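We did not get these values from a lab; they are worked out from the coordinates using the rules stated. Quick caveat: nothing in here was measured; it's all calculated off a predicted structure. Cβ placement follows ideal geometry from the backbone for every residue including glycine, while neighbour counts extend to all protein chains displayed.
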Amino acid sequence: MNAVWRLGEATVDAVREQQPKRTRSAYTTVQTVLNRLVERGVLTRERKGRAFVYRAKLGESEFLARSIGKRLAEASPDARRAALVNLVDELEPGEVDEIARRANQVKRARGKG
């Protein structure tokens, strides 16, 4: 996914080129992973000439937010709060300020501020 996000669109060869030579995966391995991501609805695939071009359906931040959101939705309220506090603890001060501003906006919009 990182290679596709970085490149915007990518072929199997382009993704492989993003990997370090020492640990580069086989063409068919990368192709299988990309095709599975298409099946999961994370990537799109379009034939261009003899190759398929893959594109991300979601930006990296939206993908990450949805992934985290799914995990949090499956957790108990106590575990969810603890996980979010742990995430916030890892942020830089400016990021914490940004989160605080956004939290206040959400509270006002919900009529609780």
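A straight chain from residue 57 to residue 6 at 0.36 nm per residue would run longer than the Cα-Cα distance by 17.0 nm. Rounded to the nearest 10 degrees, the angle from helix 77-89 to the longest Cα principal axis of the chain is 80 degrees.
Under a 5 Å amide H cut-off, with hydrogens placed 1.01 Å from N, residue 43 pairs with 38, 57 among residues at least 5 apart or on other chains.
When you restrict to C-alpha pairs under 8 Å that are six or more residues apart and normalise by the size of the chain, the relative contact order lands at 20 percent.
Is the shape of the range 1-66 best called rounded, prolate or oblate, per the rule: a/c under 1.5 gives rounded, else a/b larger than b/c gives prolate, else oblate, with a ≥ b ≥ c the square roots of the Cα gyration tensor eigenvalues? Judged from the Cα gyration tensor, the range 1-66 comes out oblate (a/c at least 1.5, b/c at or above a/b). Near residue 10: Cβ cut-off under 10 Å, other residues only, Lys/Arg at +1 and Asp/Glu at -1. The net charge is 0. Roughly how tilted is helix 60-73, in degrees to the nearest 10 and between 0 and 90, from the longest Cα axis of the chain? Roughly 60 degrees, rounded to the nearest 10. Mean residue ellipticity, 222 nm, helices only, the chain: the sum of -39500 (n - 2.57) across DSSP H runs of n ≥ 4, divided by residue count and rounded to 500, is -19000 deg cm²/dmol.
Expressed as a fraction of 2.2 N^0.38 Å, the value expected for a compact globular protein of N residues, the C-alpha radius of gyration of the chain is 1.43. Can you give the FRET efficiency to the nearest 0.05 for residue 33 and residue 87, using r as the Cβ-Cβ distance and R₀ = 35 Å? Given R0 = 35 Å and the Cβ-Cβ separation, E is 0.80. Projecting label points 7 angstrom from Cα along Cα→Cβ for residue 71 and residue 104 puts them 3.0 nm apart.
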